[in-house]
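A short write-up of the structure that comes next.
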Ligand code: PLP
């Protein structure tokens, strides 16, 4: 029972510095939040000592009577928080994170090399939704002229089809290739951003065949018509919705119709918005989906982990409960982290309180205000606003990259992250910034506070433009050097110091 500070002052010191960073700075990362002290106590508890492979009352280890009680309580609260009937829905609370929850869900729903469709990463989707890189859109986008000219030659069809998912699995059907060519010509599909990618980077594209759908470039909203057309050709077994950087709500009914047309499963990954959905402030994916996954640490304000909800009465599969539970353990994970499950249970208790709705409403009101303030200052937002907790700020009209503003904000105690915005040519140097209001709202900030934050961000941009000029190059390292050190009569550096003090 010797305290950490005595046993390991080095680690204690790092924790103290991080505590100060979190308390003194402005946390605007859309995927983060400030969890409660109660949740942290549960998360840091003695439950970390216990092994409990299996499910409640069916474990591979002894001594689990209290852990069983805990996991059942957590499951009950998870269903309660999302207003789900336990006769129709079940939940697995063991996933270590959102990524493992998603991989377990794919393992439950698909066979290896089955096809799935998710929102493309550059359009706001997540890595675990099938982010592939050298797929059809890459291939067809680049080979369209040749494809058109040489289509009648079997050998060129052979070479064009290398990497083309449908052709690999279905054989080289000329009619299918023609359909793909026509599809690839659609602007939303044959988008050059996918062409920059070089290889399959994520388990969801290595073990499954994936095709991204995208945004309508005209309004940056999900292109539901385009994705339905893609699904008709690609015939996915699973359609995934949900995103890491999409400021608008989802039309789950439209997605269900597409999934039904293909006999596909529909899965929503509500990692970002689950706290708002639990409060009834956004459309309800549970009405339409077979499986819903979420992280627990974003708008839900819990510890870092994941949940998988499965429909017990899915028309697509009678045994979803067994499939999901077995996919989590033993397929993808070992022993559950019981301390984390305790933290999830405590945070879900908070999400079940009447006060939760007020929190969620305020998160959205703050995001709207932040967006409106930035627009009023002349900035451009993707989709011009937001329905949820985040705004995507397009810096390209300013000729400033997201990386530079992120670095500058780090220097003045504002935490943000660079993010691709629709139409970005280079995913490595994204042209935007993602801002979220969940953490600020956990600190009781309201619209009037957020207006001050917007003013700070505005000043940060102005300073970044000065620094960019003073750096004399476009290189990020030069920008950071000038921002971090006084060089001659560098006025940008002085402005950074001023903003930092404020
Ligand atoms: N799904 C979505 C939509 C996400 O945004 C994220 C993370 O940001 C994840 C899944 C993965 O969560 P984790 O980092 O807990 O693995």
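Things to note:
- Taking label positions 7 Å along the Cα-Cβ direction at both residue 355 and residue 76, the computed distance is 2.2 nm, reported to one decimal.
- Separation between Cα centres of region 346-415 and region 211-240, rounded to whole Å: 26
- Note on region 267-286 and region 11-25: Cα centroid distance 31 Å, given to the nearest whole angstrom.
- Spin-label model, residue 384 to residue 41: label points 7 Å out along the Cα-to-beta-carbon direction sit 4.9 nm apart.
- Inverse of mean 1/r across different Cα pairs in region 366-502, Kirkwood, Å: 15.2
- Short to long, the 10 Å bins of the Cα pair-distance histogram for region 304-454 hold 10, 27, 25, 25, 13, 1 percent of all pairs.
- Here the peptides 39-49, 113-123, 258-268 are ranked by packing, the mean other Cβ count within 10 Å, and the order with the highest first is 113-123, 258-268, 39-49.
- For region 257-335: rounded, prolate or oblate by the Cα gyration tensor [a/c cutoff 1.5]: oblate
- Cα-only radius of gyration and Dmax that characterise the chain, units Å: 24.1, 77
- Neighbour-count order for 57, 83, 337, 458, fewest beta carbons within 10 angstrom listed first: 57, 83, 458, 337
- Once you reduce region 35-100 and region 305-330 to the center of their Cα atoms, the two points are 16 Å from each other.
- Relative contact order [Cα under 8 Å, 6+ residues apart], the chain, whole percent: 21
- With the gyration tensor restricted to C-alpha atoms of region 427-484, the semi-axes of the equivalent ellipsoid amount to 28, 14, 9 Å, longest first.
- For peptides 298-304, 125-131, 205-211, 13-19, sequence by mean Cβ density within 10 Å, most packed first: 298-304, 125-131, 205-211, 13-19
- Both the radius of gyration and Dmax for region 366-408 are 10.5, 28 Å, in that order, over alpha-carbon atoms.
- The modelled label-to-label distance between residue 224 and residue 13, using points 7 Å beyond Cα along the C-beta direction, is 5.7 nm.
- Debye log10 I(q)/I(0) for region 1-121, one point scatterer per Cα, at q = 0.09, 0.14, 0.23 Å⁻¹: -0.44, -0.99, -1.38
- Order by protection proxy (mean Cβ within 10 Å, highest first), peptides 478-486, 368-376, 338-346, 434-442: 434-442, 338-346, 368-376, 478-486
- Spherically averaged projected area of the convex hull of Cα atoms, region 312-387: 9.1 nm².
- Fraction of beta bridges assigned by DSSP in the chain that are antiparallel (%, nearest 5): 60
- Unit Cα scatterers, Debye sum, region 205-301: log10 I(q)/I(0) for q = 0.15, 0.22 Å⁻¹: -0.60, -1.22
- Each of 489, 99 was scored by other Cβ atoms within 10 Å of its Cβ. Listed from fewest to most, they are 489, 99.
- Arranged from fewest to most other beta-carbon atoms within 10 Å of their beta carbon, 463, 308, 270 become 463, 308, 270.
Each value in this text was obtained by applying a stated rule to the coordinates, not by laboratory testing. Every value quoted in this text rests on a predicted model; they were computed, and no experiment measured them. Glycine gets a Cβ as well: all are built from the backbone with ideal geometry, and neighbour counts include every protein chain shown.
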